[in-house]
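Have a look at the structure below before the remarks.
The values are calculated or read from the model by the stated rules, or taken from the named source; none is laboratory data. Remember, it's a predicted structure, so these values are computed and weren't measured experimentally. A quick note on method: Cβ atoms are made from the backbone with ideal geometry, for glycine too, and the neighbour counts reach across all protein chains shown. To get the accessible areas, we keep the full protein, side chains included, count just its heavy atoms, and leave off ligands, DNA and RNA. Shrake-Rupley method; radii C 1.70, N 1.55, O 1.52, S 1.80 Å.
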Amino acid sequence: MRTFILIAAMLLATNASAQEHLQRRALDTDTKKTFRTVKELPITSVKNQYRSGTCWAYATLGYLESEILRLTGKTYDLCEMFVVNKDYMDCATHYVRMHGYSQISEGGSCDDVLQVIRTHGICPENAMPAPGSLTGDSLANFKVFFPELERTVSGIVRKDAKEPLPHWRDSVLAVIEKYVGGCPQSFVYEGKTYTPKSFAAMLGLNPDDYVSLTSFTHHPFNQWFVIEAPYKWRLKPSYNIPIGQLMEVLDQALDAGYTVAWGGDVTGNFTRTGLAMLPDDVVPTQQMRQEQFDDWRFTYDHVMLIYGKATDEDGKPYYMVKNSWGKSGQYQGIWYMSRDFIALNTTYLFLNRHALPQGLRQLRQPF
């Protein structure tokens, strides 16, 4: 019995040491690596979310643009601020219906974009004012906008009130449209007149084709559950599978010609120069993922688009990832994220269910 306890204590100490080591070691920001492309799928141009917490909108629309490329060969530039306008209004509505027991934040998820398109449609970029143009900036800058929106929404639900402030929707919409513009009722695109809903229908995307997969042990595998992350306020579920299987799904999807939207953690060993990788002596495990999720070292704080695979000088596998920070870093807006980094730091993968292995292809999000 003593031997068992001693071994268990040693294992716990080793794991704790590895976690501490992972947290304390940062990548050298001057590191420059060269890569050999193994698989590269078509994507649209790199965009810049600038000073806004809207990576979820940029990444998911970039993902859907790549889906349209795959399906039709056509290139579209879909409007992020249309999604932001509709989603922030939906978020405010949820906040009021929850009597204030909810969160108003700039963040979101792939599910938000899909639900906006399903409910409201979408428009091309040139059908709305350019991001920031209404406030004098050249790009989306939410430094003034979002605090004003938070104050407006939080003031709707007064303490001890028996009902929300009257006409609160008008007040919220006025703030949103002041900073990101009003959504068009109709517009002309390539000589034809569309509404946002008819434009979305013309794109050829089926919202029922997209699913979210995750991998945590605080819920049973092979079941749906809502990831407990502050930015996932819509409470859309993800399907839970072991991390090894999740990585296989990612590889098989890319090999079959499908890009994948990625939501996860970019604190720690994620640089501004275009690299994300773990120290060589850190091997990610299911347990390690769970522990850093439970103690808040792992956060869901960014969404990007995985569109290819590569290897470095030593043959180590990486994924090619389209970011939304403009053409920054050493690779002009593209990040190379190691397979180990992805395995440890993924919150969810969002992809077309037809890209799944045969045994999972019947999956459809339950609501």
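Here are the numbers for this structure:
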item: Check on T37, outside any loop (DSSP other than H, G, I, E, B), under 25 Å from V144 (Cα atoms), at pLDDT 95 or above and more than 20 Å from the chain's Cα centre (by Cα); result: no
item: Checklist (1) under 19 Å from the mean Cα position of the chain (by Cα); (2) among the small types (G, A, S); (3) part of a loop (DSSP other than H, G, I, E, B) applied to G257, failing item; result: (1)
item: Unmet requirement for T44, which otherwise passes all of (1) in a helix (DSSP H, G or I); (2) modelled with pLDDT of 95 or more; (3) among the hydroxyl-bearing types (S, T, Y); result: (1)
item: Matching residues, region 121-132, being touching a residue at least 24 places away in the same chain (Cβ under 8 Å), of a type in the set (G, A, S) and either surrounded by fewer than 17 Cβ atoms within 10 Å (Cβ to Cβ) or farther than 27 Å from S102 by Cβ (or both); result: A127, G132
item: Region 147-174 - residue that is in a helix (DSSP H, G or I) and among the charged types (D, E, K, R) and, of those, surrounded by the fewest Cβ atoms within 10 Å (Cβ to Cβ); result: D170
item: Residues being in contact with a Leu (Cβ under 9 Å, 6 or more places away or on another chain) and crowded, with 24+ Cβ neighbours inside 10 Å - total across region 83-110; result: 3
item: Of residues in region 175-189 being touching a strand residue (DSSP E or B) at 6+ places or on another chain (Cβ under 8 Å) and not in a loop (DSSP other than H, G, I, E, B), the one surrounded by the most Cβ atoms within 10 Å (Cβ to Cβ); result: F187
item: Filter pass, T195 being touching a residue at least 12 places away in the same chain (Cβ under 8 Å) and either open to solvent by less than 30 Å² (accessible area, probe 1.4 Å) or within 19 Å of the chain's Cα centre (by Cα) (or both); result: no
item: Check on E150, among the charged types (D, E, K, R), at negative phi and in contact with a Phe, Trp or Tyr (Cβ under 6 Å, 6 or more places away or on another chain); result: no
item: L305 open to solvent by less than 10 Å² (accessible area, probe 1.4 Å) and either over 19 Å from A57 (Cβ atoms) or in contact with a Leu (Cβ under 9 Å, 6 or more places away or on another chain) (or both); result: no
item: Residue within region 202-211 that is free of Cβ contacts under 8 Å to residues at least 40 places away in the same chain and surrounded by fewer than 19 Cβ atoms within 10 Å (Cβ to Cβ) present; result: yes
item: Wholly within region 54-136, helices (runs of 4 or more DSSP H) carrying at least 2 residues that are touching a strand residue (DSSP E or B) at 6+ places or on another chain (Cβ under 7 Å), more than 21 Å from Q185 (Cα to Cα) and modelled with pLDDT of 95 or more; result: 55-72, 110-120
item: G315 vs. criteria open to solvent by 10 Å² or more (accessible area, probe 1.4 Å) and without any contact (Cβ under 8 Å) to a residue 12 or more places away in the chain; result: yes
